[in-house]
Protein chains: 2
Amino acid sequence: MPFLKDDRRIIYEVGMDRTIFTRQEFQHRVERARALMTELRLDAIMVNSEKNVEYFSGYASDLWASPTRPFYFVLPRVGEPIAVLPQGADVAWLNSSWAERMTTWPAPRPENEGVTELASEIKKVKQQFGRVGIEMGPESRIGMTLNDALQLLDALRPLEVADCSGLCRRLRIIKSDAEIARIEKACTIASDAFDKLPEMITPGSTEKQVANRFMAAMIAGGADKVLFMAMGAGPGGYETIILRPSQRTLERGDILAIDTGAEYGGYFCDFDRTLAIGTPGDEARRVYEALYRATDAGLAAARPGNKAADLYHAQVNAIEAAGVTPATMGRYGHGLGKMLTEWPSNKPDDHTILQPGMVMTIEPGIAYGNGKVMVQEENIVITDDGCRLLSRRAHVEMPVVYW
Amino acid sequence: MPFLKDDRRIIYEVGMDRTIFTRQEFQHRVERARALMTELRLDAIMVNSEKNVEYFSGYASDLWASPTRPFYFVLPRVGEPIAVLPQGADVAWLNSSWAERMTTWPAPRPENEGVTELASEIKKVKQQFGRVGIEMGPESRIGMTLNDALQLLDALRPLEVADCSGLCRRLRIIKSDAEIARIEKACTIASDAFDKLPEMITPGSTEKQVANRFMAAMIAGGADKVLFMAMGAGPGGYETIILRPSQRTLERGDILAIDTGAEYGGYFCDFDRTLAIGTPGDEARRVYEALYRATDAGLAAARPGNKAADLYHAQVNAIEAAGVTPATMGRYGHGLGKMLTEWPSNKPDDHTILQPGMVMTIEPGIAYGNGKVMVQEENIVITDDGCRLLSRRAHVEMPVVYW
């Protein structure tokens, strides 16, 4: 299989050093995918979500922000892969992907965006099992309309269609060194901005103004994008941390949290920091310190052989031991990588076994006061004998901005 | 129907003035939707994509960046709407939506993320036609897994399921004054950054460094996000304008274009600017000026009663009259608003009639040299008797950065 011509400009090699994806990196992904295809009895997989197309092909474009034109990538178990692209995207494809074979359709063509061409290419794949995988399962999204997906299922007959989102999960859940380096770079960019956050919180500022200073610092620090910019703030604490910043003016006595997902080279960080404007009350300080200890417990449990559920229990047990109330959040951390959140989930019924190369968040939450919640989050990578922090760890005590 | 309690913090009112969405704005959207439901014989619509949930409910969160938990909003033709939410999202919902009724499921629940609860709520809607609309058609995306969508189609039987993406299109294609004000604000933020672009292009800079300075300027200027940041650059011109910036160092003799989609309050701008590093060649200058004249022609054709196809022909005719070659791009502009690209498409077979309140791009492209392309884009709103520019218009002559 041909990989990456030497003279091709590699738009996707955003990093200068260990964050570079080599042709060997893509070759390795393809080989692992093919081994799983054999195991799962699939003649090919077809991916159509931004992140899976990027993962296998290297094709990187912001045009996914437009829903007009979908992109498809067919990776057969045997033979060369083929991209099925809207007309006009071929130059961009060849500038960022190692995969050279492609076919196009005249887009936009609203009633059938490439489905006919795609089905035809899939049917040309060498068949041994009569089965093809598409993204259908947990945490997947299709990058086409539901009508086109239904048309495709129909057009693929008599081939059997199976879910390949589990296959993608098994590949992507273990990160390569270059992938980890990109996530770590995203974490460092965010850590640097968090270090400067106190000086961004000036009297008279609104939540939105502080958020924009914080985002600008991350962009200036090299982030490609900031897709997740959540803020919670209020007198003595916040009630939720999944909302965008508001136009409310911050006040002395507020406790404020920013949770952010900055992207670098197609990889996310995802962590938050809480701080107080003026000396916080005793309860809030106790809650913050209990979160720090719960994070300690999560970090201690983060090692190969333990399960995602163990990370949950370690954190919850530490919170209960501190005499405070675990917040009901569904999970206490999760995987991350090409998306803000990936598999697994740190929750009681997720028995995913931790392995070296998994990148995850440790994210305890405590409910207190009258409907308030406080959270703390770190990003880690599982190593051979434990874990390593990718985020610069939160302060032991809640940082305070004095006005 | 209850709308927006007075004492509720309206996270979504990001604007200070005419960009504010009042409760009347949402009421108007709901009333228009219901009139169309009657026309289309639908008892309810269920939306599940970020932008349609936001459009109808006001719910605004960056958590759409995570694929773990979907959100659903059911708007019946008669009776109160209901949000079907992952557990824990209720506080955030109530802080940003006018719609108070909700039900939740214990999320994450990977094999069935709220489908059972959603189907049950849809079936409780007062039935007159036995038909419910979901997003299936052109330029729509579902915000759930394909497996969950197929489960939902099954669970809704014996109700008939129809496509409601056309209904959403008919509502959203005409923007309210507050929506136009948000798009204009996004355009102004980008225009201000483009004005400063020449001074950001310093000797020794890479594409990526320039892009990050440009993005930081937009964020500092108030943008919420920059989802689309494309750059094309090369000696004498660029070959494509849909790629992300590379690590290539810019050089004297390069012609560079940035195409950007910045978001403000949930609304996009989408336009580009081209400039030269050092005096450009005659051919590039001629191409640039022909693009400017083609834009003139597009603007002149942009008035109520004309069709999207007329905008295409006006631009292409002007390019041909200038003796240069129209680029093959599928369309010469499109609608925009809550997404980077929306309906209609300025192409020969799009007969959408222009109406006041439509926000669009005029986007001619010219092919020249050896595989080069040059583009120019403006954002406009159709008015009662023509159109009004929302972007600050490109210079008549190609701007030059002298090193």
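Key figures for this structure:
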read-out	value
Rounded, prolate or oblate (a/c below 1.5 giving rounded, otherwise prolate when a/b exceeds b/c) for region B:177-401 by Cα gyration tensor	oblate
Separation between Cα centres of region B:271-314 and region A:279-305, rounded to whole Å	58 Å
Spherically averaged projected area in nm², based on the convex hull that wraps the Cα atoms of the protein assembly as shown	31.5 nm²
FRET efficiency for A:Val400 and B:Trp403, using Cβ-Cβ distance with R0 set to 41 Å, rounded to 0.05	0.30
Per-residue mean of C-beta atoms belonging to partner chains within 10 Å, peptide B:132-142	5
Cysteines in the protein assembly as shown that, by Cβ-Cβ distance, have no pairing candidate under 4.7 Å	A:Cys164, A:Cys168, A:Cys387, B:Cys164, B:Cys168, B:Cys387
Global geometry of chain B, whether rounded, prolate or oblate, following the gyration tensor of its Cα atoms and the 1.5 cut on a/c	prolate
Peptide-level mean, for A:294-305, of C-beta atoms on other protein chains within 10 Å	0
Reachable aspartates and glutamates, given that their alpha-carbon falls under 16 Å from the alpha-carbon of A:Lys123 and they are not under 8 places away in the same chain	A:Asp43, A:Glu80, A:Asp154, A:Glu160
Separation of the B:Arg388 and A:Asp192 label points, Cα + 7 Å toward Cβ, nm	4.2 nm
For A:Asp148, A:Asp296, order by how many other beta-carbon atoms lie within 10 Å, fewest first	A:Asp296, A:Asp148
Sorted peptide list for A:299-309, A:316-326, criterion being average Cβ within 10 angstrom, highest first	A:299-309, A:316-326
Partner chain coverage, peptide A:226-232 - average Cβ within 10 angstrom	5
Spin-label zone in region A:311-354 - amide nitrogen under 19 Å from a point set 7 Å from the Cα of A:Arg303 along the C-beta vector	A:311-318, A:352-354
Antiparallel bridge percentage (DSSP; both residues within chain A; nearest 5)	75 percent
Label-reachable residues, region A:135-153, where backbone N falls under 18 Å from a point 7 Å from B:Glu111's Cα toward its Cβ	A:136-140
Förster radius 22 Å - calculated FRET efficiency between B:Asn370 and B:Thr328, Cβ distance, rounded to 0.05	0.90
Per-copy distances of the A:Glu289 label point, shortest first, in nm (7 angstrom along Cα→Cβ)	7.5
MRE, 222 nm, helices only [DSSP H, n ≥ 4, -39500 (n - 2.57), over the protein assembly as shown, to nearest 500]	-10500 deg cm²/dmol
Listed residues A:Ser97, A:Ser120, A:Ser140, most fluctuating in chain A (Gaussian network, C-alpha, under 10 Å)	A:Ser120
Centroid-to-centroid separation of region B:370-403 and region A:209-240 [C-alpha atoms, Å]	32 Å
Net +/- balance of residues flanking A:Pro326 in space, Cβ distance below 14 Å, scoring K and R +1, D and E -1	+2
Backbone N under 19 Å from the B:Lys126 label point (7 Å along Cα→Cβ), restricted to region B:42-75	B:42-46, B:74-75
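No value in this document is a laboratory result; all are computed from the given coordinates. Since this is a predicted model, take the numbers as computed values, not measurements. Don't worry about glycine lacking a Cβ; one is built from the backbone with ideal geometry, like all the others, and counts go over all protein chains shown.
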